[in-house]
1. In region C:89-105, what residues are in contact (Cβ under 8 Å) with a residue 40 or more places away in the chain and either out of contact with any Lys or Arg (no Cβ under 8 Å at 6 or more places or on another chain) or farther than 20 Å from residue C:62 by Cα (or both)?
2. Which pairs have Cβ atoms under 6 Å, sit 6 or more apart or on different chains, and link a residue in region B:69-84 that is more than 8 Å from chain A (Cβ to nearest Cβ) and closer than 30 Å to residue A:27 by Cα to one that is assigned to a helix (DSSP H, G or I) and β-branched (Val, Ile, Thr)?
3. Looking only at region C:216-239, count how many residues are on the phi < 0 side of the Ramachandran plot, modelled with pLDDT of 90 or more and touching a strand residue (DSSP E or B) at 6+ places or on another chain (Cβ under 7 Å).
4. Among the residues of region C:289-309, which ones are at pLDDT 90 or above and either out of contact with any helix residue (DSSP H, G or I) (no Cβ under 6 Å at 6 or more places or on another chain) or of a type in the set (Phe, Trp, Tyr) (or both)?
5. Determine, yes or no, whether residue C:294 is in the same structural domain as residue C:161 (by TED's automatic domain parsing) and surrounded by fewer than 21 Cβ atoms within 10 Å (Cβ to Cβ).
6. Find the residue count for region C:78-93, including only residues that are outside any helix (DSSP H, G or I) and surrounded by 24 or more Cβ atoms within 10 Å (Cβ to Cβ).
7. Check region A:246-253 and report whether any residue there is more than 10 Å from chain B (Cβ to nearest Cβ), in contact (Cβ under 8 Å) with a residue 40 or more places away in the chain and more than 19 Å from residue A:221 (Cα to Cα).
8. Please work out which residue is farthest from residue B:17 (Cα to Cα), limiting yourself to region B:239-277 and to residues that are within 14 Å of chain A (Cβ to nearest Cβ) and in contact with a strand residue (DSSP E or B) (Cβ under 8 Å, 6 or more places away or on another chain).
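The values are calculated or read from the model by the stated rules, or taken from the named source; none is laboratory data. The structure presented is a predicted model; accordingly, all values stated were derived computationally and were not measured. Neighbour counts run over all protein chains shown; Cβ positions are idealised from the backbone, glycine included.
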Amino acid sequence: MLYVELTIQGIVQGSIYALIALGLTLVYGLLRILHVAHAALFTLGGYIGVIVTNQTGSLTLAIVAAAIIVGLVGMAVYKLAYEPLLSQPPYIALIASIALFIASEELYRIIFGPYGLSYTVQPMSGHIELFDGFRLKYVEILVISMSVVILSVLGYLSLHSRMGIAWRATVTDPSMAQAFGVNIQNVRYLNFFIGSALAAIAGVLVALLNNFVEPTMGSVASYKALAIIVLGGLGSIRGTLLAAMLLGVIESFGTIYLGHLIDRDALAFAFLILVLMVRPQGLLGAK
Amino acid sequence: MAYEMTLITTMAISVLFALSLNFISGFCGQISLGHAAFLGTGAYTSAMMTKASIPFLLTLPAAAITAAILGFIIGLTSLRVRHDFLAITTMGTGFLFVGLIRQQEFFGGEIGIAGIPSTGLGREGFMALCIGLAALFAIFSIRVRRSWMGFVYDSIADNEDITRILGINASTYKLIAFVIGTATAGVAGALYAHHFRFIGPDSFGFVESMSVLAMVIVGGIGSTAGVIVSAAVMSVMPLLFQFIDDYKLLLYSALLFFMMRFSPDGLAGLCSRTYDKIRRRRA
Amino acid sequence: MTIKTTLLAMAVSTFALTGVAQADNIKIGFNVPLTGFAAADGKSALNGAELAVEQVNAKGGINGNMLELVVYDDQASPKEAVPIAQKLIEKDGVVLGISGSYSGSTRAAAGIFQEASIPYIAAYAIHPDITRAGDHVFRTAFVGEVQGRAGAKLIGEMLGKKRVVIITLKNDFGKSLAAGFKEAAAKFGIEVVSEYEYSIKDRQFGPIVSKVKSDKPDAIYASGYFFTAGPLVSQLRSAGIEVPIIGQEGYDSQKFIEIAGAASDGILITTSLDRDSSVAETKDFISAFEAKAGHKVDMVAASAHTAVHVAAAALAKAGGMDSAKLRDAIAATNLLTSIGTISFNALGEVQKDVQVQVVKDGNWHHHSVISDAALLAPPVK
């Protein structure tokens, strides 16, 4: 039974990773930028979630508000930070992104205080009893179902909507897509909006799981999400989802059985390096 | 004067460390996000040795060798994975290094290593040694840059496949860059350990790797002079910014961001463009 | 444009560095993390220290001279702390230093103060090697081992629980607590069922919680800070684990109760500050701190407050600023402070009682006191 519990815990963690990493892989697929500041948008989502819930008492409103506001901020980040750097080598955008990330952490600390925030009344704090006293919390059910629903809707849209087809065309061959009348600029904006909104939703969910947001909430996400998209094969959406889930489960078991040898972060990267040595293009990356 | 000497020593160590990354990333075009692991390897090697009463100067080559061995291994992976994959692999190396050190009681684990003996060179002597080593490596860097080897590195950084087509064994050259760069980082680590005289796993983490890469890129990747200036200034920047307390890191990151945004080729690029502008105006 | 700004910033900072300070004040150096990941504790520590300075000065200072706190942000990093310590000693001419910072930076700075024969007091940094820097270095907080032993007594003897799971925060704080706990466990008949470790960055403990549940312990000894312990305790409770959870001073903040919510009820910790104390020093400190900082008091603030009072008392006793006399005066401290009566042993480690606090109705309250001098004896070398 313990193994089942550990697997479920791994899937919960994996779902969070998936929501965060998906935005990152969307950005990478389109612009070849390692967007570290994505983790700052995740934190912002958490803050907006807690503040709106505490003010209005509605978690739904909080999730929607976080997704929209952070989505717009994401578009602004693209416009102001990345667009002017697209012609530069990729590490320039990487350093700019890191600078942006540190600046955001400091801004959150200065604006919202160093102690972090919590929900005054924690929403969805109940649970259901599964087997031999194993409990699944409402929050955990929400996390898993949210990511399944969101990711399937996005998957469907990318295959069957006009915008989705334009998006895929742009990722495959930007100049060809442009020749066929796709407005690349709009695709990029949409990309940043969706990716950032997903990170924001992940932020609200993590804030719910921990009942806590803090200025440095994104520090783990900032590098682990990078590991996940590389593991998945940079720019591959299915690969990213697979990598996120795998890593969630591996960390879950690793924490218990390998915890004395190697810490959680190192475990993730050991796995990553191992995979890259065998498959330099990542799990599902194209050669 | 002790305070000024401490600052100058800090600057010199940072310059040496930043130049060592510049050798790998600037000359050879292999971006590394885990360079602090080599600083750490050198620091731990040297600190463990001086704690066992081995004279400090003898530990310098040892620090260089252990760091270079690790660097050689990472260099081998660079033959297998490239570009962004390599960047993330080096980042992973950094996390693995810290993760392993944390769990080894032999290396002090979480507690780190405290009470690292003094070098016996005195504050002035140690400062002179740090400046000397940094200067030596700077001269070496400039000479390499102008040599045949520097030319090969340029072409690897530019387009590795074409370099190979020209019949140059790019792999060997890449490995050499990794070995030289990481060995130097190891020496910088030995100096680091005996300057601060306390090291722990957190001293060599992701943040340290990022800040040294920032030094290299702000200086102007590949430009020895630019990297020297940026490493010297950025290493003491938090101390210079003490007077604005709360906004210190914010200002630091804002400067970093605007540098990338408006002068992506760093200080070196900024200077050469300003110089051109002045010359054109005169002409 | 950017270069101009940089130059301007540097010009301004050089001016600030050479700025002349007021004469006749007695300067105390204070390194504390005000930016970066440790800023929350740094802020509390600074408030606590400033409060103590205000209290001393309101009573006329030290023989007519006012105390002045010279504060630098060390970002909890040894790299920043070394030059800061140099600067405090050489440029600011402080008579003694106090660390309101974490272990790494405090350990690095301690060496510099020791070399200059200037006394240095660590308020709450826990690293065992700090006081080993030399005879000028003191600490007003318990080393982890001592508090770990107190935790063992609390669980094994006072609560009578024998099968214990340890959940350890993987840093110097958690590791030394666990070491002390395990060392004393056998003495109180405790069987350590298993031990799990987590990183200071972890907030999600699902796998550990599942495993602990299958271990079916009588009690859990979990180290951590409020930002890790809050989520940990709440996740243990919501998984249906109802056994006592025992923490330490890292939990000691109102923020812990806020994060863990209802799950915090009944949590026990070993710490330094007694919220329900009838001692005037403690009561005054608690009310004055809350008025000054605008939030509830925590252990970090109390420790920094205590460190400044220890310094002030020693300065008054030494009757001058002679470093050797000042050092001896600190070593001979026997002072009633906000965290009880304290003295130092030969190594400079604090000797005091351990307060056990419990969460009741959303606040920390008195539970019991552990004053077993033999058990609580700090290391002497």
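1. Applying the first criterion (in contact (Cβ under 8 Å) with a residue 40 or more places away in the chain) to region C:89-105 yields C:89, C:91-103, C:105.
Residues satisfying the conditions are C:89, C:91, C:96, C:97, C:98, C:99, C:100, C:101, C:102, C:103, C:105.
2. If the second residue must be assigned to a helix (DSSP H, G or I) and β-branched (Val, Ile, Thr), the pairs left are B:74/B:93.
3. So the count comes out to 12.
4. Result: C:289, C:290, C:291, C:302, C:303, C:306, C:307.
5. Working: in the same structural domain as residue C:161 (by TED's automatic domain parsing): no; surrounded by fewer than 21 Cβ atoms within 10 Å (Cβ to Cβ): yes.
For residue C:294, the condition - in the same structural domain as residue C:161 (by TED's automatic domain parsing) and surrounded by fewer than 21 Cβ atoms within 10 Å (Cβ to Cβ) - is not met.
6. First, pick out the residues of region C:78-93 that are outside any helix (DSSP H, G or I): C:91-93.
When the remaining residues are screened for being surrounded by 24 or more Cβ atoms within 10 Å (Cβ to Cβ), the result is none.
The qualifying residues number 0.
7. First, pick out the residues of region A:246-253 that are more than 10 Å from chain B (Cβ to nearest Cβ): A:246-253.
Subsequent filtering for residues that are in contact (Cβ under 8 Å) with a residue 40 or more places away in the chain retains A:246-253.
Narrowing further to those that are more than 19 Å from residue A:221 (Cα to Cα): A:253.
Yes.
8. Taking region B:239-277 as the starting set, the residues that turn out to be within 14 Å of chain A (Cβ to nearest Cβ) are B:241, B:244-270.
Checking which are in contact with a strand residue (DSSP E or B) (Cβ under 8 Å, 6 or more places away or on another chain) leaves us with B:245, B:248.
Values: B:245: 27, B:248: 23 Å.
Among them, the one singled out is B:245.
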